[in-house]
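Right, one structure below, let's go through it.
The values are calculated or read from the model by the stated rules, or taken from the named source; none is laboratory data. Quick caveat, the model's predicted, so the values are computed rather than measured. So basically every Cβ, Gly included, is an ideal-geometry build from the backbone, and we count neighbours across all protein chains shown. Surface accessibility is based on the protein's heavy atoms, side chains included, excluding ligands, DNA and RNA. Shrake-Rupley method; radii C 1.70, N 1.55, O 1.52, S 1.80 Å.
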Amino acid sequence: QEDRALWAFCAAYVQGMLTRENEVVMLAQRLMSLEVPYEAAVVLDSGFNEDRLSSTEKNLKLLAQAYTMAKNFDEAIDAWSRTAKVSKDGDHYFRLAQSLANEDRHKEAIDAFDEALDRDPKSVHDVHFWRGVSLMQLGSWDKATRSFRNASKDDDRRMQKSCRQYIRYIASEKRRETELKKMLE
């Protein structure tokens with residue numbers, strides 16, 4: 001009967017009968033649980049635009065998750081940015097940074113990673129690791145190495161191994177760049 005209930009909710013939404021915040025949120029959550037996140041994001045966005053939803057951390061996070069699941073990264077970046085500003089939670093800045101990095105906006109991502117680290121995220125080591133990847137993309141080899149060293153302090157052996165591999169890769173890239181400069185001179 002859940003499918004029927006969802007389609008009844010959708011019909012009520014289309015007819016403008018869902019006016020309370022909890023009804024709009026419930027519809028979006030059900031759409032996301034059925035793996036139609038873009039439609040959930042559209043419902044939430046219209047709720048915000050029509051002042052049926054308040055810009056709370058919970059509602060904005062749901063919007064950001066919906067856009068992220070839908071792989072609509074520009075809107076996800078905007079939603080994560082709004083969520084992070086409202087909540088000041090390090091994990092939301094981390095999600096913002098990841099979304100920015102996915103779009104090759106590494107300079108902005110590094111700022112968001114730094115903001116996440118300032119706000120004590122749940123997984124500091126993950127933030128350092130992905131910050132290192134963005135720094136590496138920008139050719140900031142020394143800063144990337146420091147980030148990977150910080151990330152390698154994690155107890156997870158896979159994380160330690162990945163960090164060691166990246167540090168070795170960076171060292172070889174630095175050597176390669178030095179050799180290329182010598183050749184060009």
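Of the solvent-accessible surface of the chain, computed with a 1.4 Å probe over protein heavy atoms with every protein chain present, carbon and sulfur atoms account for 47 percent.
Here the dipole of the chain is about 1040 debye; that uses its Cα centre as origin and unit charges on the Cβ of Lys and Arg (positive) and Asp and Glu (negative). Rounded to the nearest 500, the 222 nm mean residue ellipticity of the chain from helices alone is -25500 deg cm²/dmol, with -39,500 (n - 2.57) taken per DSSP H run of at least 4 residues.
Taking the Cα centre of the stretch 1-74 as origin, sum charge times position over the Cβ atoms of Lys and Arg (+1) and Asp and Glu (-1), and report the length of that vector in debye to the nearest 20.
120 debye
Accessible area per residue of the chain at 1.4 Å probe, in Å²? Present the calculation step by step, with values, prior to reporting the outcome.
Details: 11060 Å² over 185 residues.
The answer is 60 Å² per residue.
In units of the rule-of-thumb radius 2.2 N^0.38 Å, the chain shows an alpha carbon radius of gyration of 1.31. With a Förster radius of 30 Å applied to the beta-carbon distance between Asp111 and Lys182, the computed FRET efficiency rounds to 0.30. Shape verdict for the stretch 91-185, please, from the Cα gyration tensor: rounded (a/c under 1.5), prolate (a/b greater than b/c) or oblate. Note, shape of the stretch 91-185 comes out oblate. Taking label positions 7 Å along the Cα-Cβ direction at both Ser54 and Arg164, the computed distance is 5.2 nm, reported to one decimal. Between the C-alpha center of the stretch 138-185 and that of the stretch 80-106 there is a gap of 24 Å. With respect to the chain, whose longest principal axis is taken over its alpha-carbon atoms, helix 21-33 is tilted by about 60°.
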